[in-house]
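Undergrad: Quick one: the structure is below, questions incoming.
Please treat every number below as a calculation from the coordinates, not as lab data. Quantities reported herein were computed from a predicted structural model and do not represent experimental measurements. As a convention, Cβ positions derive from the backbone with ideal geometry for all residues, glycine included, and neighbour counts pool all protein chains shown.
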Amino acid sequence: MAYVYVSIGSNIGRYRHITSALDALQHQFGELSVSKVYESEAVGFEGDNFLNLVAGFKTDKSVGELSVVLRQIEDDNGRLRDGPKFGPRTLDIDILTYDDVVGEVDGVVLPRDEITKNAFVLLPMTDVAPEKKCPGLDKTYQQLWRQYDQSIQKLWVVDFDWP
């Protein structure tokens, strides 16, 4: 069994799609470790604010098999794939880490570089795994957050109730 962290984001029907994603992940993988939910402005395009969080869980699926499951959850939530790379999303789920794997596996680069580039990924990682070291780096997520230029991207915690 591998332990996986995924990022989850939405800026269309945000609360509904985030809830749906968490429900689907729990149904598929069982117990989830879930960060606080953060709101942030869109990055890379003009658009409505996003809700973002990180979830962790165990899986016996390979990286490729997991990618297929996550893509299906996105599709089940109305994800359109014919628009620009940076644009509004009903749901976006990305594999951040897969155990301590470093490198490209099944077309997925691990760990995902957004962890250290985007506050809306790094801060939620500090919620769920503050003392865990980021694969390939000799620093914990908490250390990475302390070093991150927090003036670049503003985000704030929102009330979000999920069982």
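Undergrad: Residue-wise, which Karplus ³J(HN,Hα) couplings in Hz belong to the range 7-22, taking 6.51 cos²θ - 1.76 cosθ + 1.60, θ = phi - 60°, and x for glycine or proline?
TA: 9, 10, x, 7, 10, 10, x, 3, 5, 5, 6, 5, 4, 4, 5, 5
Undergrad: If you don't mind, another one. Among the GluC sites (Glu not before Pro) in the range 57-163, which ones are in a DSSP loop with at most 15 other Cβ atoms within 10 Å of the Cβ? Mind listing them?
TA: Numbers: sites: E65, E74, E104, E114, E131; in loops: E131.
Taking the range 57-163 and a limit of 15 other Cβ atoms within 10 Å, the loop GluC sites (Glu not before Pro) found are E131.
Undergrad: Report the longest stretch of the chain that contains none of the chymotrypsin sites (Phe, Trp or Tyr not before Pro) sitting in a DSSP loop with at most 13 other Cβ atoms within 10 Å.
TA: 87-163
Undergrad: May I ask for the net charge around L144, where only other residues with Cβ less than 11 Å from the Cβ of L144 are counted and Lys, Arg are +1 while Asp, Glu are -1?
TA: For residues surrounding L144, the net value is +4.
Undergrad: Extension gain K58-Q147, at 0.36 nm per residue separation less the Cα-Cα distance, in nm?
TA: My answer for the length gained is 29.2 nm.
Undergrad: Oh, and also: By the gyration tensor of its Cα atoms, with a ≥ b ≥ c the square roots of the eigenvalues, what is the shape of the range 65-163: rounded for a/c under 1.5, prolate for a/b over b/c, or oblate?
TA: oblate
Undergrad: Next up: What value, in deg cm²/dmol to 500, does the helix sum -39500 (n - 2.57) over DSSP H runs of n ≥ 4 give at 222 nm once divided by the residues of the chain?
TA: -9000 deg cm²/dmol
Undergrad: When the Debye formula is applied to the Cα atoms of the range 1-146, each taken as the same point scatterer, what base-10 log of I(q)/I(0) results at q = 0.11, 0.12, 0.13, 0.16 Å⁻¹?
TA: Listed by q, the Debye log ratios stand at -0.37, -0.45, -0.53, -0.83.
Undergrad: Here is a follow-up. Between exposed trypsin sites (Lys or Arg not before Pro) in the chain, where DSSP calls loop and at most 14 other Cβ atoms lie within 10 Å, what's the longest gap? If you can, show how the numbers build up before the last one.
TA: Details: sites that count: R81, K85, K139, K154.
By the stated rule (loop sites, at most 14 other Cβ atoms within 10 Å), 1-80.
Undergrad: Ok, one more. Give me H17, H27 ranked fewest to most by other Cβ atoms within 10 Å of their Cβ, as a rough exposure proxy. Working shown, then result.
TA: Numbers: H17 25, H27 9.
The most exposed by this proxy come first: H27, H17.
Undergrad: Using a Cα-Cα cut-off of under 21 Å, which lysines could be cross-linked to K117, ignoring same-chain neighbours fewer than 8 residues away?
TA: Straight-line reach from K117, under 21 Å: K36, K85, K132, K133, K139, K154.
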